[in-house]
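Structure first, commentary second.
The values are calculated or read from the model by the stated rules, or taken from the named source; none is laboratory data. Everything numeric here is computed off the predicted structure, so don't read it as measured data. A quick note on method: Cβ atoms are made from the backbone with ideal geometry, for glycine too, and the neighbour counts reach across all protein chains shown.
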Amino acid sequence: MQKMPQWADVILVPLISLILAGALSALVILAIGESPYEAVKIMVQGAFGTTNGWGYTLYYATSFIFTGLAVAVAFHAAMFNIGGEGQAMIGGLGAALVCLFVPFPHWTFALLGGFGAAMLFGAAWAFIPAYLQAKRGSHIVITTIMFNFIAAAVLNYLLVNVLRPTGGMDPATAKFPEPTHLPTLHDMLLPLGIQFSKSAPANVSLIMALLACVFVWLLIWRTRLGYEIRALGHSESGAIYAGISAPKVAIISMLISGALAGGMAINNVMGEAERLVMNSVEGAGFIGIAVALMGRNHPFGVLLAAILFGFLYQGGAELALWTSIPSELIVVIQALVILFTGALDNMVRMPLERLFLSLRRTEP
Amino acid sequence: MSGHTELERPTMAAPPTPAIELKGISKSFGPVKANKDISIRVMPGTIHGIIGENGAGKSTLMSILYGFYKADAGEIFIAGRKTRIPDSQAAIAAGIGMVFQHFKLVENFTVLENVILGAEDGRLLRPSLAKARRELQSLAAEYGLDVDPDALIEDIGVGMQQRVEILKALYRHADILILDEPTGVLTPAEADQLFRILDRLRSEGKTIILITHKLREIMDITDTVSVMRRGEMTATVTTAQSSPEELAELMVGRKVLLQIEKAPATPGKKVLEIKALRVIDADGIERLRSIDLDLHAGEVLGIAGVAGNGQTALLEVLGGIQSATGSIKMNGDALDLTGRHSGGRSRRARGIAHVPEDRQSEGLIMDFTAWENTVFGYHRDPKWARGPLMNNAAIQTEAKAKMERFDVRPPNPKLAAKNFSGGNQQKIVVAREIEQSPDVLLIGQPTRGVDIGAIEFIHNQIIALRDAGKAVLLVSVELDEIMALSDRIAVMCDGQIMGQGPAASADHIGLGCLMAGMGGADTQQMQGWHISAAAKADPAQEPAQAAGSH
Amino acid sequence: EPALIFDLGGKFDKSFNEAAFTGAERWVEETGGSFREIELKSEAQREQALRRFAENGNNPIVMTGFAFGNVLSEVAPDYPDTKFTLIDMVVDAPNVRSVVFNEHEGSYLVGMMAAKASKSGTVGFIGGMDIPLIRKFACGYVQGVKAVNPDATVIQNMTGTTPAAWNDPVKGSELTKAQISQGADVVYAAAGGTGVGVLQTAADEGILSIGVDSNQNYMHPGKVLTSMLKRVDNAVYDAMTAGTDIETGIYVMGVANGGIDYALDEFNAPLVDDDMAALVDGAKAEISNGTITVHDYMSDNTCPVE
Amino acid sequence: MDFLTLLQVLDSTIRLATPLLLTCLAGLFSERAGIFDIGLEGKMLAAAFFSAAMAFMTGSVWLGLLAGIAASMALSALHGLASITFRGNQLISGVAINFLASGLTVLIAQAWFHQGGRTPSLIGGARFEQITLPFALGPMDAEAAGLPLSKLIAQAGPLQQIYSEVISGQTILVYFALLCVPATSWLLYRTRFGLRLRAVGENPAAVDTAGVSVVGIRFAAVAICGVLCGLAGAYLATALQAGFVREMSAGRGYIALAALIFAKWRPWYALGATLLFGLLQAVALRFQSIDIAGIPVPVQFMDALPYILTVVILAGFVGKAIPPRAGGEPYVKER
Ligand SMILES: Nc1ncnc2c1ncn2[C@@H]1O[C@H](COP(=O)(O)OP(=O)(O)OP(=O)(O)O)[C@@H](O)[C@H]1O
Ligand SMILES: Nc1ncnc2c1ncn2[C@@H]1O[C@H](COP(=O)(O)OP(=O)(O)OP(=O)(O)O)[C@@H](O)[C@H]1O
Ligand SMILES: [Mg+2]
Ligand SMILES: [Mg+2]
């Protein structure tokens, strides 16, 4: 017998948590002397009011889908991958290297080549923490945090000492050659007769992100590997009994996770900047945690949560442009969302469970 | 229900005040009603037994008395005074001590530190430790509870750990001592020693509540006994006026039928040949020492022994999930003993099915649906594949049929495994493994926590498999189950086979001696039995003592 | 309505970005106009901010920092009717005004003052991010020091290799301590927000420091020898005043046209004696009329002196 | 490297190790009680801001210190609420706290001071002064001798050099942090509270059934963690620096976490680990590139070294770090 109906668990609990986070955010806005109503208006208008706003919202969402899926896949195997940030950084390196050094004839090849390299690099970066957790019992959370810092140092070194073009001042690679530039939503929608903002960075990577959602859904719920990943995630002793190689499945799940996080690079590195800069990931790896939490580790949930966070990011940028509210407000909102949907989940869940139990008792 | 109103009958003399009286205790864990309106009285200076099947709510009730759980309703009277016990601190203050089923000790603390934890005098440790050391010495002298105060808990055996738990209670001056299944982890000799200590405590006027599954223990030591079933207290009787048969009936609600109708075995060729099998686990403890065993087609080989004497390791090695040295040959081919993580898979491929001892943490994924669990371990079978994907529709259809065949209730494959009762969970596991029609079935504690109807069903399935010419290796701590099902029996103690022989000539006393690691006169009487040197070599103790009187 | 975009250091870095802000404020005060502004938080926001302001009709759009170079060269052609002013970097587009400064000249001047004020004959330089632009500061400074005291030692440190180096006061502070223990008694900080730590530590430890970009003399009165003024404020003020009529192309600001200077005010007056003032003003004149040429590191990526 | 340079690097090591040490001990209390805390960074950051803000507004560094501790403890309370009361995921709570501190400090700083998320510089009594220990050479002696202090020390004998350069001339919080090491050790291993605290991190059920409140001990541990993080943050903003700048904790919370693992959750080892990591930072700060046996070691490598070392330790190649057994798990009696 369940304590609560499924819909309450999947929809009601996150929704109430979200409302609580929103209410507290409104208080914060009030406390710094601004109007929450105005703020929300600017954010909604800025994120969804124009195709340009949509373009940015979807651009951010694309990144968050990748990192959210990355966290979710690892979560299904009970691995808490906090290293999406580092994996995405190194994934960016992979994408940059092929874009710079492989003469792609057409963007389609560049997309596939860049995606492949980014995933490969991201997976490779996830491999060591995964291996250490699976074979030597080192806590994955700590090792992935450490690997985020190590990734930053590696990238820093390479951008400053190796990849920076001569005469360049900022630590960044040269601009990628023209054939690697990915079509934006503007380019893609124009043939269909839809006018989409030319300047917004949302690009073909969005399609790849949606495909990744479908892929992850199939993987987790329809394949044998997914079955094994979930089994391991729920009970390691059970998995071992069933002849599932726990270290192997744990490592594979982390490799997929790292590949997804790394794969994000097609969006921010190839699709937007068209060169590799120092902090191209911009915390998307961490947002992935919140996205996966909110999305209940389900690809569809991840998609919705990613759009929510895309909205927060784009709305926050608009706030910073048109009001004096610093964009750190978004960091606060993000923190509150993680806090309520993740850490304080039981605060909402326990009273609800009690409510549903007593409801059931009264109507037998 | 004959003797259950004994204590409620009005007596002429003014009755002594009960040491403990519980009135109308109820407790739910979410949807599970673990205790329903339970009342019980325990007289001072007596040993009061509580029996009941797994999950009947015994531990829950005692944990409430000890303040570990909070009751939803009900009252507690200690020595006639209504007492509120919101936490263990209050229980300790009321003179209650409890030894839990799963010990509550800090593994990397010393015995002394564990004893004083929560009962320190003053803020500094040094004086507390010194005082406790003196007190432990006097307690040890008084009750024969010797322990090394400076040993780390993780370094001492379970028997010793239990002593520490008892010392903890005595150190806190408990007048009422609750022991939750204390003998489950003990050898008969250790259990006997424990009972001598309990006897001693009783004679000093302490009140003891003893939870156990073993009717023999109840009959031996308790003054009164309460029976619990499905969260309810079904009866309280005076032990002397009751009988094991009556108690068993009260426990399960109907007559126990442990005799199985089965045809004599027709053993076939040797399927498994185990030689010099040795297991050293991750903690460096030797679990198996040089096991030699054969398993034939068409027979049930029962492995008897007190829990924790290597049976689990044996099942795991055979099931491919524990590494070992030595050799196992199946139909002449050597099996891989490296215990690779995918070992379970290769065993299944060879036709070895495995019902693990612990269904909840191994046999099932509790959060998976029933249908997902019906292919657990066989999920890579091409039968369930549709291209690169799993054929969920086929699995579901088959699961539904399987659940109906095995009378799993409710027969709804979409329900999560955790939402089935323990017995039905076990049926799902057994159905999955038996329906593979394996050449070898490894089955551990097949009926632990399973109700009587299901026990019969599962037993019959095992025999049917045997009759189909398959080999069955049965591990159970229930001697009666072993004796009822097996064609041959091997007894394990301390990682060794103490003896093996035909089930027909085995008897309780002889098996009990072997389970305690002793050979001796009683075992010699069992015809056709081969008693190992290890068992004979230990004539130090009186065999009769260990077997328990019956 | 003009717009102003501050680079990652933030508009209150007490230095480069703050100078830009001061210029904009002066324009507001004098004209009563208003302007849009944003402090960047990330690389990705550069392009977004530029485009959003351009699309919003803000004109001209002023931005501070070399890092805009790449982005602006892409964005500018998309908005031919918008005028852009880029400070510290050159972008070749018909609607862009690129303002660059002869920082080496100003650094030369404060280098002379440092050499003059130093008792130990050892002076220090703490740069921000290790890029040619900061080497240009360092090179000018060393030339100035050596011009006064050829035997002087100049200890040079860079804070880092990434933009984080602009905002790491702890590191600035530790580097200053290290330089002090190596004997330096005047330290020149060309490190954005990191300089706050440098100036603070210099003041705490009782040596002199030299500020950069804005006039930082007030931060520790009597402890800051002078500040190398880079009149970013003027550049911004001019751009906003000119509005849409702004002249595009490359605009160099140096000692000669008052775009580069050293700061002298009531806070450092006691530290600058007549002798020193005469010396520096002399050099200033000579640079203006071309008698002295200070080598520009960025012209050939080398420095003739160490 | 000559002797004086070595001393200066050591001096710098102590300065840089102090916030690491305080935070590491903070983590030690929390994790020994079974509460994992990756929110150390956020607490330190919040404390840094509030101590600087209060010190600036009142001119008193001591009031600032109190405010910093209060802010850090508020976040600790939040962590306790999430992970003890509501039995939430401790790691997620920590992540949230880091984000919260990162955003709120800048937001409030901007609302209060309008200086782009920093506080105004602190002067005079709003900062911790360096203390010259008896018999050490200090600014007074330098003034009297008419020489810079560094010169004066350079002329002294080696023992006096060590004493004056490294040991003397630190702020009071440095000495306090060092004192915290024996104090922690004593508290943990010699007192009733310490016994219970360690037990609660190993097996909370044992503590519960022994009649001691698990929740109480855990909250006490988390509160101590808050105090120590508060001290660390205040040290950053009012002793090491003169005011708050955004993100000024700069990953020190994570390095402290790494040091805690390195120290295997033991107080004296924590001192060793944080001094080592402090030394790495000091060397990375002081030298742009280091040649080891002719091979230039990039500064980025020095920056990453604490993390690399921690991974090596975690991998079990050099000793094994076994965390408290009940760490990270909420204490749940009823499923
Ligand atoms: N902490 C808990 N949370 C939720 N349910 C529980 C908890 N403890 C026990 N239960 C449930 O309460 C019921 C009674 O359990 P209890 O442990 O009291 O049984 P028991 O009689 O001691 O069984 P056993 O002989 O196996 O020890 C079972 O259904 C069990 O699943
Ligand atoms: N851990 C649990 N979580 C959710 N529901 C549970 C849990 N344990 C038991 N239940 C529910 O409580 C009911 C009773 O479970 P329990 O295991 O006590 O049954 P039982 O009376 O022992 O039956 P059986 O004899 O078949 O084991 C089950 O049907 C199940 O729905
Ligand atoms: Mg029990
Ligand atoms: Mg049951």
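For residue D:205, state whether it is at pLDDT below 95, within 30 Å of residue B:104 (Cα to Cα) and of a type in the set (A, V, I, L, M).
Working: at pLDDT below 95: yes; within 30 Å of residue B:104 (Cα to Cα): yes; of a type in the set (A, V, I, L, M): yes.
Judged against the criteria, residue D:205 is a match.
Results for (1) part of a helix (DSSP H, G or I); (2) in contact (Cβ under 8 Å) with a residue 40 or more places away in the chain; (3) within 16 Å of ligand 4 (Cβ to nearest atom); (4) away from every other protein chain (no Cβ under 14 Å), shown as yes or no for each residue.
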{"position": "B:412", "(1), (2), (3), (4)": "no, yes, no, no"}
{"position": "B:426", "(1), (2), (3), (4)": "yes, yes, yes, yes"}
{"position": "B:432", "(1), (2), (3), (4)": "yes, yes, no, no"}
{"position": "B:446", "(1), (2), (3), (4)": "no, yes, yes, yes"}
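Filter region B:54-69 for residues that are within 12 Å of ligand 1 (Cβ to nearest atom), of a type outside the set (Phe, Trp, Tyr) and part of a loop (DSSP other than H, G, I, E, B) and give the result.
Passing the criteria: B:54, B:55, B:56, B:57.
Please report, ordered by residue number, the helices (runs of 4 or more DSSP H) entirely within region D:107-217 with at least 1 residues that are among the acidic types (Asp, Glu), away from chain B (no Cβ under 14 Å) and touching a helix residue (DSSP H, G or I) at 6+ places or on another chain (Cβ under 9 Å). First the steps, then the outcome.
Working: elements: D:139-145, D:149-155, D:158-161, D:172-190, D:192-202, D:204-209.
Ranges flagged: D:139-145.
Looking only at residues in region B:123-180 that are charged (D, E, K, R) and either within 16 Å of ligand 3 (Cβ to nearest atom) or within 14 Å of chain D (Cβ to nearest Cβ) (or both), which one is farthest from residue D:192 (Cα to Cα)? Give the steps one after another, and end with the answer.
Of region B:123-180, the ones charged (D, E, K, R) are B:123, B:126, B:131, B:133-135, B:142, B:146, B:148, B:150, B:154-155, B:163, B:165, B:168, B:172, B:175, B:180.
Restricting the remaining residues to those that are either within 16 Å of ligand 3 (Cβ to nearest atom) or within 14 Å of chain D (Cβ to nearest Cβ) (or both) gives B:123, B:126, B:131, B:154, B:165, B:168, B:172, B:180.
Working: B:123: 5, B:126: 9, B:131: 14, B:154: 22, B:165: 20, B:168: 16, B:172: 16, B:180: 29 Å.
Ranking the qualifying residues of region B:123-180, first place goes to B:180.
Of the residues that make up region B:391-402, is at least one more than 21 Å from the chain's Cα centre (by Cα) and part of a loop (DSSP other than H, G, I, E, B)?
Taking region B:391-402 first, the residues more than 21 Å from the chain's Cα centre (by Cα) are B:391-402.
Then drop every residue that is not part of a loop (DSSP other than H, G, I, E, B), which leaves B:391.
For region B:391-402, residues more than 21 Å from the chain's Cα centre (by Cα) and part of a loop (DSSP other than H, G, I, E, B): present.
Output yes when any residue across region C:109-126 is closer than 27 Å to residue A:166 by Cα and more than 14 Å from every other protein chain (Cβ to nearest Cβ), and no when none is.
In the first step, residues of region C:109-126 are kept if they are closer than 27 Å to residue A:166 by Cα; the result is C:125-126.
Among the residues that remain, those that are also more than 14 Å from every other protein chain (Cβ to nearest Cβ) are: none.
Among the residues of region C:109-126, not one is closer than 27 Å to residue A:166 by Cα and more than 14 Å from every other protein chain (Cβ to nearest Cβ), which makes the answer no.
Suppose we filter region D:272-286 for residues that are modelled with pLDDT of 90 or more and surrounded by fewer than 24 Cβ atoms within 10 Å (Cβ to Cβ); how many remain?
Total meeting the criteria: 4.
For region C:232-306, which helices (runs of 4 or more DSSP H) that fit wholly inside it have 3 or more residues that are modelled with pLDDT of 90 or more?
Working: elements: C:232-242, C:274-288, C:297-300.
Result: C:232-242, C:274-288.
So residue C:130 ticks every box in (1) touching a strand residue (DSSP E or B) at 6+ places or on another chain (Cβ under 7 Å); (2) more than 12 Å from chain A (Cβ to nearest Cβ); (3) among the charged types (D, E, K, R) but one. Which box is left unticked?
(2)
Residues B:266, B:234: which one is modelled with pLDDT under 90, part of a strand (DSSP E or B) and not acidic (Asp, Glu)? Can you show your working first?
Working: B:266 fails: part of a strand (DSSP E or B).
Being modelled with pLDDT under 90, part of a strand (DSSP E or B) and not acidic (Asp, Glu) holds for just one of B:266, B:234, which is B:234.
Okay, residues lined up against (1) within 14 Å of chain A (Cβ to nearest Cβ); (2) within 16 Å of ligand 2 (Cβ to nearest atom); (3) of a type in the set (A, V, I, L, M, F, W, C):
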{"position": "B:28", "(1), (2), (3)": "yes, yes, no"}
{"position": "B:31", "(1), (2), (3)": "yes, yes, no"}
{"position": "B:41", "(1), (2), (3)": "no, no, no"}
{"position": "B:45", "(1), (2), (3)": "no, no, no"}
{"position": "B:50", "(1), (2), (3)": "no, no, yes"}
{"position": "B:55", "(1), (2), (3)": "no, yes, no"}
{"position": "B:65", "(1), (2), (3)": "no, no, yes"}
{"position": "B:69", "(1), (2), (3)": "no, yes, no"}
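Determine, yes or no, whether residue B:92 is surrounded by 19 or more Cβ atoms within 10 Å (Cβ to Cβ) and within 10 Å of chain D (Cβ to nearest Cβ). Steps first, answer last, please.
Details: surrounded by 19 or more Cβ atoms within 10 Å (Cβ to Cβ): yes; within 10 Å of chain D (Cβ to nearest Cβ): yes.
For residue B:92, the condition - surrounded by 19 or more Cβ atoms within 10 Å (Cβ to Cβ) and within 10 Å of chain D (Cβ to nearest Cβ) - is met.
If I filter region A:132-150 for residues that are at pLDDT below 90, more than 7 Å from every other protein chain (Cβ to nearest Cβ) and touching a strand residue (DSSP E or B) at 6+ places or on another chain (Cβ under 7 Å), do I get at least one hit?
no
Collect the residues in region A:76-119 that are farther than 24 Å from residue A:279 by Cβ and within 14 Å of chain D (Cβ to nearest Cβ), keeping them in residue-number order.
Once the filter is applied, which keeps residues that are farther than 24 Å from residue A:279 by Cβ and within 14 Å of chain D (Cβ to nearest Cβ), region A:76-119 yields A:78, A:79.
Would you pick out the residues in region D:249-287 that are over 13 Å from the mean Cα position of the chain (by Cα), outside any helix (DSSP H, G or I) and within 13 Å of chain C (Cβ to nearest Cβ)?
D:287 - this is the single residue of region D:249-287 that is over 13 Å from the mean Cα position of the chain (by Cα), outside any helix (DSSP H, G or I) and within 13 Å of chain C (Cβ to nearest Cβ).
Which one of the conditions (1) over 16 Å from residue C:230 (Cα atoms); (2) in a helix (DSSP H, G or I); (3) out of contact with any Phe, Trp or Tyr (no Cβ under 8 Å at 6 or more places or on another chain) does residue C:19 fail to meet, given that it meets all the rest?
Residue C:19 satisfies all of (1) over 16 Å from residue C:230 (Cα atoms); (2) in a helix (DSSP H, G or I); (3) out of contact with any Phe, Trp or Tyr (no Cβ under 8 Å at 6 or more places or on another chain) except (1).
Based on what the data block shows, is residue B:51 aliphatic (A, V, I, L, M), under 23 Å from residue B:165 (Cβ atoms), assigned to a strand (DSSP E or B) and within 16 Å of ligand 3 (Cβ to nearest atom)?
It is true that residue B:51 is aliphatic (A, V, I, L, M), under 23 Å from residue B:165 (Cβ atoms), assigned to a strand (DSSP E or B) and within 16 Å of ligand 3 (Cβ to nearest atom).
I'm checking my understanding of the structure. Among residues of region A:310-364 that are surrounded by 22 or more Cβ atoms within 10 Å (Cβ to Cβ) and acidic (Asp, Glu), which one is nearest to the other protein chains (Cβ to nearest Cβ)?
Out of the qualifying residues, it is A:328.
Does residue A:184 satisfy the condition of being surrounded by 18 or more Cβ atoms within 10 Å (Cβ to Cβ), at pLDDT 90 or above and either in contact with a His (Cβ under 7 Å, 6 or more places away or on another chain) or within 13 Å of chain D (Cβ to nearest Cβ) (or both)? Can you show your working first?
Numbers: surrounded by 18 or more Cβ atoms within 10 Å (Cβ to Cβ): yes; at pLDDT 90 or above: yes; either in contact with a His (Cβ under 7 Å, 6 or more places away or on another chain) or within 13 Å of chain D (Cβ to nearest Cβ) (or both): no.
So residue A:184 fails the test.
Just wondering, is there one or more residues in region B:79-99 that are of a type in the set (S, T, N, Q) and within 16 Å of ligand 1 (Cβ to nearest atom)? Can you show your working first?
Step one: filter region B:79-99 for residues of a type in the set (S, T, N, Q), giving B:83, B:88-89.
Filter once more, so that each one left must be within 16 Å of ligand 1 (Cβ to nearest atom): B:88.
Scanning region B:79-99, I find at least one residue that is of a type in the set (S, T, N, Q) and within 16 Å of ligand 1 (Cβ to nearest atom), so the answer is yes.
Whether any residue in region C:172-195 is basic (Lys, Arg) and part of a strand (DSSP E or B) is what I want to check. Explain how you work it out, then say what you get.
As a first pass, look at region C:172-195 and keep what is basic (Lys, Arg): C:177.
Among the residues that remain, those that are also part of a strand (DSSP E or B) are: none.
Taking every residue of region C:172-195 in turn, none turns out to be basic (Lys, Arg) and part of a strand (DSSP E or B).
Answer with yes or no whether residue C:241 is more than 19 Å from residue C:137 (Cα to Cα) and surrounded by fewer than 20 Cβ atoms within 10 Å (Cβ to Cβ).
On the way: more than 19 Å from residue C:137 (Cα to Cα): yes; surrounded by fewer than 20 Cβ atoms within 10 Å (Cβ to Cβ): yes.
Judged against the criteria, residue C:241 is a match.
Given the criteria under 28 Å from residue C:260 (Cβ atoms) and away from chain A (no Cβ under 14 Å), does residue C:70 qualify?
Values: under 28 Å from residue C:260 (Cβ atoms): yes; away from chain A (no Cβ under 14 Å): no.
No; evaluated as a whole, the condition is false for this residue.
Considering only residues of region B:70-93 that are free of Cβ contacts under 8 Å to residues at least 60 places away in the same chain and in a helix (DSSP H, G or I), which is farthest from ligand 3 (Cβ to nearest atom)? If you could, list the steps in order and put the result at the bottom.
Step one: list which residues in region B:70-93 are free of Cβ contacts under 8 Å to residues at least 60 places away in the same chain, which gives B:70-77, B:81-91, B:93.
Then drop every residue that is not in a helix (DSSP H, G or I), which leaves B:88-91, B:93.
Working: B:88: 17, B:89: 22, B:90: 22, B:91: 17, B:93: 25 Å.
Per the stated criteria, the residue is B:93.
Counting only residues that are over 22 Å from residue B:465 (Cβ atoms) and in a strand (DSSP E or B), which one in region B:334-381 is nearest to ligand 3 (Cβ to nearest atom)?
B:369
Take the conditions more than 16 Å from ligand 4 (Cβ to nearest atom), more than 24 Å from residue B:422 (Cα to Cα) and not hydroxyl-bearing (Ser, Thr, Tyr) and apply them to residue B:20. Does it pass? Full working, then the answer.
On the way: more than 16 Å from ligand 4 (Cβ to nearest atom): yes; more than 24 Å from residue B:422 (Cα to Cα): yes; not hydroxyl-bearing (Ser, Thr, Tyr): yes.
Answer is yes for this residue.
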